[in-house]
Every structure is written in C-alpha cells, then in structure tokens.
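Taking it in order: structure first as structure tokens, then the write-up.
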Amino acid sequence: MEFVFVVRRSELFPEFYPHGLVPFGPSGPSGPSGPIGTGASLASFEHVIEERGFFVEREHAEHDPSLKQVIPYAVVVRAGEVLLLKRTKKGGDARLFDKLSIGVGGHINPVDALVGETRVKNPLVAGTRRELDEELDIRGAWSVRSLGLLNDDSNSVGAVHVGLVQVVHVQGAVEIREKHVLQGEFTSLAELSRLLRTGANYETWSAKLVEHFERAPNELLDPSNTRTSVALA
C-alpha cells in the first residue's frame, strides 16, 4: 500500500483554481504574502505545505479531486539546453508511455518526511532529491530553483495533482540510470518549441511549460535568475 503527500485543494487554492504555470511572486516585508494561485511567494506555498500537508493512501487520493497530490517536477538544464525525456513501455505509469517530458518527478512518500531519525514538516526537499537520484546520475555541481506551481484541472489525472516546478542547473555529466525504461537527451528550447508546434506527444504539464518558457526563456536558461531561488543541492 502506497501513501502519498497531499494538500486539500481548498487550502492550496482558496480563491480560484489556476490553469497552467503560476510563477511564485516575491515575499512581503514580513515574510509570506498573497494567497496561492495569485502569484504567492514560495514562502507562502511552503507554509501551506508545512501546516496543511498530510499523507493518505494513493488509491484514495487518485479518486478524490478535493485533494491535490504534490509532485516535484524538475526541469534539468545544462549549458542552455534542456533534458528531454521519453518513457518507454517497459516501466512506469502506463499513462505516460511514449510521451515526451521535460520534467523529472514523482509522488512524495512518507520516507521523504524523515531526515535520519528526524521528522520534517516539508518533505518536498528530500522528495526532489530522491526523484532526481532515482532517475538520473548527475556528476558535477547542481542547484535547484523553485519556479512556481503547475495546475491543470482539464483532465482526471491533472485534477488530483499539482506540480512544484523547479529548474535544476547542472554543471557536468548527466546519465539516465534505467535506460531500458527511460530515454533522454539535451535539447535546445527552439527544438522543444518546434516539436510542440508539430504535434509531438508531450505530457500535458511539459507542453504547458514549453509554452511558458517560449514567452519567458530567461526563467529557464539563466542560472543567475534567483528571484525565486532555493538551493536544495
């Protein structure tokens, strides 16, 4: 039985349900500011995670749209190119077979809430590390920058998930760990856009991110963009 980390939809999005990527805004002078979904700060989101998040059986969460399963969704960038992934039919979620993705991530599990013997309120840091380590062998320095929340209620899968979009800047080699279930190569943003415009089979979240980065490439490609930075590595 698998347990996953969730937040109640009403506590994550108290005013309205955003569609697509909502970048984090700046913190107020006294800390967190703004409700989630209206350009809230990263600190506001982390406050909700720490105070309102909990674990529940995945089977229940998958059929309860009043809950949002929080998914770290990391876009890996190196030397101005983005890691483009394709999951084969030999492993993973069948709903993702043969789809293109620019995000590395997955569900947060109870193990992510334990650092040694200490229980932490925010399991997203450890969950991000674990997902990256499971999928990739990163050799060299890397850092993580939290960009915003990705929400899409237009389908049954998106209705029960929300993505924490993060940009991972890598200096060094990146290898796919399980090449029989996952393929990947670094690709220019221009090529990602071309693939999108010619009908490539992207995951819904990845398609929305490519569209966003077409309009705001510096949010993806500029490692000095620290407006919403948080170092996890």
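The values are calculated or read from the model by the stated rules, or taken from the named source; none is laboratory data. Nothing here was measured: the structure is a model prediction, and the numbers come from that model. Ideal geometry is used to build each Cβ from the backbone, glycine not excepted, and the neighbour counts take in all protein chains shown.
Only residues that are of a type in the set (D, E, K, R), at pLDDT below 95 and assigned to a strand (DSSP E or B): list them for segment 125-172, please.
Those that are of a type in the set (D, E, K, R), at pLDDT below 95 and assigned to a strand (DSSP E or B): R139, R145.
Here is a check on your reading of the model: is A126 free of Cβ contacts under 8 Å to residues at least 40 places away in the same chain, more than 14 Å from I108 (Cβ to Cβ) and small (G, A, S)? Even if it seems obvious, please write down each step before you answer.
Values: free of Cβ contacts under 8 Å to residues at least 40 places away in the same chain: yes; more than 14 Å from I108 (Cβ to Cβ): no; small (G, A, S): yes.
No; evaluated as a whole, the condition is false for this residue.
Given F54, F5, which one is in contact with a Pro (Cβ under 7 Å, 6 or more places away or on another chain) and modelled with pLDDT of 95 or more?
Working: F54 fails: in contact with a Pro (Cβ under 7 Å, 6 or more places away or on another chain).
None of the other options fit; the residue is F5.
Within segment 173-200, how many residues turn out to be part of a loop (DSSP other than H, G, I, E, B) and surrounded by 12 or more Cβ atoms within 10 Å (Cβ to Cβ)? Working first, answer last.
Our first condition is that a residue be part of a loop (DSSP other than H, G, I, E, B); within segment 173-200, this holds for 177-181, 188, 198-200.
Narrowing the set further to residues that are surrounded by 12 or more Cβ atoms within 10 Å (Cβ to Cβ) leaves 178, 181, 188, 200.
The total comes to 4.
Would you pick out the residues in segment 91-124 that are at pLDDT 90 or above, exposed (fewer than 12 other Cβ atoms within 10 Å of the Cβ) and part of a loop (DSSP other than H, G, I, E, B)?
Matches in segment 91-124: K121 only.
Looking at (1) under 21 Å from V157 (Cα atoms); (2) exposed (fewer than 14 other Cβ atoms within 10 Å of the Cβ); (3) modelled with pLDDT under 95, find the lone condition where L21 falls short.
Status for L21: all satisfied but (2).
Only one of these conditions is not met by A231: (1) modelled with pLDDT under 95; (2) of a type in the set (A, V, I, L, M); (3) surrounded by 14 or more Cβ atoms within 10 Å (Cβ to Cβ); (4) in contact with a Ser or Thr (Cβ under 8 Å, 6 or more places away or on another chain). Which number is it?
Unmet condition: (3).
So which pairs qualify, if the first residue must be in segment 48-69 and farther than 24 Å from F16 by Cβ, the second must be among the acidic types (D, E), the Cβ gap must be under 6 Å, and the two must be at least 6 apart or on different chains?
From segment 48-69, the pairs are R58/E2.
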